[in-house]
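Engineer: Sharing a structure with you now.
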């Protein structure tokens, strides 16, 4: 049996960042790409560093208005 790949980040920092992206503005494709990048980083590094969090926050589309 093949293990199902995680669909959501597991660490607190990663999950918080992913929620901010999910609840923010932007297209579903951009959100999916950013969340996948978080999960990939988490898989290779174990958790999100503050530097990575800052980098990702810069990529979150600004809310219109």
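Engineer: Being over 12 Å from the mean Cα position of the chain (by Cα) and loosely packed, with under 14 Cβ neighbours inside 10 Å is the filter here; which residues of region 10-42 pass it?
Structural biologist: 25, 27, 28, 29
Engineer: If you don't mind, there's one more thing I want to ask. For region 44-56, which positions are outside any loop (DSSP other than H, G, I, E, B) and either over 13 Å from residue 10 (Cβ atoms) or touching a residue at least 12 places away in the same chain (Cβ under 8 Å) (or both)?
Structural biologist: Of everything in region 44-56, those that are outside any loop (DSSP other than H, G, I, E, B) and either over 13 Å from residue 10 (Cβ atoms) or touching a residue at least 12 places away in the same chain (Cβ under 8 Å) (or both) turn out to be 44, 50, 51, 52, 53, 54, 55, 56.
Engineer: Suppose we filter region 12-28 for residues that are assigned to a helix (DSSP H, G or I) and under 13 Å from residue 59 (Cβ atoms); how many remain?
Structural biologist: Residues flagged as assigned to a helix (DSSP H, G or I) and under 13 Å from residue 59 (Cβ atoms) within region 12-28 amount to 4.
All of the numbers you see were taken from the coordinates with simple rules; none came from a lab. The structure displayed is predicted, hence computed values, not measured ones. With ideal geometry, Cβ positions are generated from the backbone for all residues, glycine too; neighbour counts draw on all protein chains shown.
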